[in-house]
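A short write-up of the structure that comes next.
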Amino acid sequence: MVDDKVAEAIADIDIPIPEVDLTEIKQELLEYINETLAEAIAAIDVKDGADGKSAYQYAVEGGYTGTEA
């Protein structure tokens with residue numbers, strides 16, 4: 001009997017469901033992702049190394065006889 005009254009009371013509760021602006025949520029997510037990616041990219045420590053061989057140089061070593069052009 002108590003369970004029935006509790007169930008009825010819960011069923012009678014009228015709570016409006018708030019409207020959600022998905023466009024605003026998507027925009028905020030995109031801004032967060034872009035900021036996070038920018039921070040991650042900025043944190044990458046890239047060091048310049050010695051220049052390597054060009055694709056043409058490798059091709060010549062592999063037997064290519066044409067010109068670089």
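The values are calculated or read from the model by the stated rules, or taken from the named source; none is laboratory data. As the structure is a computational prediction, the values presented were derived from the model and not from experiment. Backbone-built Cβ (ideal geometry, glycine too); neighbour counts: all protein chains shown.
Exactly one of these conditions fails for ASP3: (1) modelled with pLDDT under 85; (2) under 41 Å from the mean Cα position of the chain (by Cα); (3) not polar (S, T, N, Q). Give me its number.
Of everything listed in (1) modelled with pLDDT under 85; (2) under 41 Å from the mean Cα position of the chain (by Cα); (3) not polar (S, T, N, Q), ASP3 misses just condition (2).
Are there any pairs with C-beta distances below 6 angstrom linking a residue in region 40-56 that is among the aromatic types (Phe, Trp, Tyr) to a residue that is part of a loop (DSSP other than H, G, I, E, B) and modelled with pLDDT under 90, with the two at least 6 apart or on different chains, and if so which?
Matching pairs, first to second residue: TYR56/GLU68.
Please work out if GLU39 is within 33 Å of the chain's Cα centre (by Cα), surrounded by fewer than 10 Cβ atoms within 10 Å (Cβ to Cβ), modelled with pLDDT of 90 or more and not small (Gly, Ala, Ser).
Numbers: within 33 Å of the chain's Cα centre (by Cα): yes; surrounded by fewer than 10 Cβ atoms within 10 Å (Cβ to Cβ): yes; modelled with pLDDT of 90 or more: yes; not small (Gly, Ala, Ser): yes.
In short, yes.
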